[in-house]
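The values are calculated or read from the model by the stated rules, or taken from the named source; none is laboratory data. All values reported here derive from a predicted model rather than from experimental measurement. Cβ placement follows ideal geometry from the backbone for every residue including glycine, while neighbour counts extend to all protein chains displayed.
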Amino acid sequence: MADGQQAIIDVLNSLEVIDQEGGDHAYILVADNKENRQKLRSVGVTDEQITEAGDDGESFCLLALAFNNDLADAYEKGKFLNWGPIDDELRHRVLEGRGTAEDACRLLKALEPDLFGSQETE
């Protein structure tokens, strides 16, 4: 993972959550303030991206920000994550039935990017 990607993940994981909900309509809200915007801008996230992830000017959704802008690959156990490259270890794990659903999805996205409307690079 590039240092820039890790810096973005670190900032996303450092922001104080003010409200959250799981399930089908999941959200993770943080305050839309100068401090949070500055932290995100310092790692390359734009004000436009932040604004698009909000709806009231008081907060924005980290899930929307991260996933709508391909800033993170997953959110597990309270943390945003970026996966490593698609390598032989991942391929063998999926082929041998030891992989997770996310592993299979990553591999399928790499092989058939048109199905997902984006392309993952190795």
**Set Ser59, Ser42, Ser14: member being among the polar types (S, T, N, Q), within 30 Å of Ala104 (Cα to Cα) and out of contact with any Ser or Thr (no Cβ under 8 Å at 6 or more places or on another chain)** = Ser14
**Message:** Considering only residues that are surrounded by 10 or more Cβ atoms within 10 Å (Cβ to Cβ) and at pLDDT 85 or above, which ones fall in the range 91-102?
**Reply:** Arg91, His92, Arg93, Val94, Leu95, Gly99, Thr100
**Message:** aliphatic (A, V, I, L, M) and under 22 Å from Asp3 (Cβ atoms): which single residue out of Leu81, Leu95 fits that description?
**Reply:** Leu81
**Request:** Exactly one condition in (1) under 21 Å from Cys105 (Cβ atoms); (2) in contact with a helix residue (DSSP H, G or I) (Cβ under 7 Å, 6 or more places away or on another chain); (3) of a type in the set (A, V, I, L, M, F, W, C) is not met by Ala64; state its number.
**Result:** (2)
**Prompt:** Would you call Ala110 touching a residue at least 24 places away in the same chain (Cβ under 8 Å), among the aliphatic types (A, V, I, L, M) and over 24 Å from Asp10 (Cβ atoms)?
**Reply:** yes
**Message:** Could you check the range 3-39 and list, in sequence order, the residues that are out of contact with any helix residue (DSSP H, G or I) (no Cβ under 9 Å at 6 or more places or on another chain), exposed (fewer than 10 other Cβ atoms within 10 Å of the Cβ) and not in a helix (DSSP H, G or I)?
**Reply:** Gly22
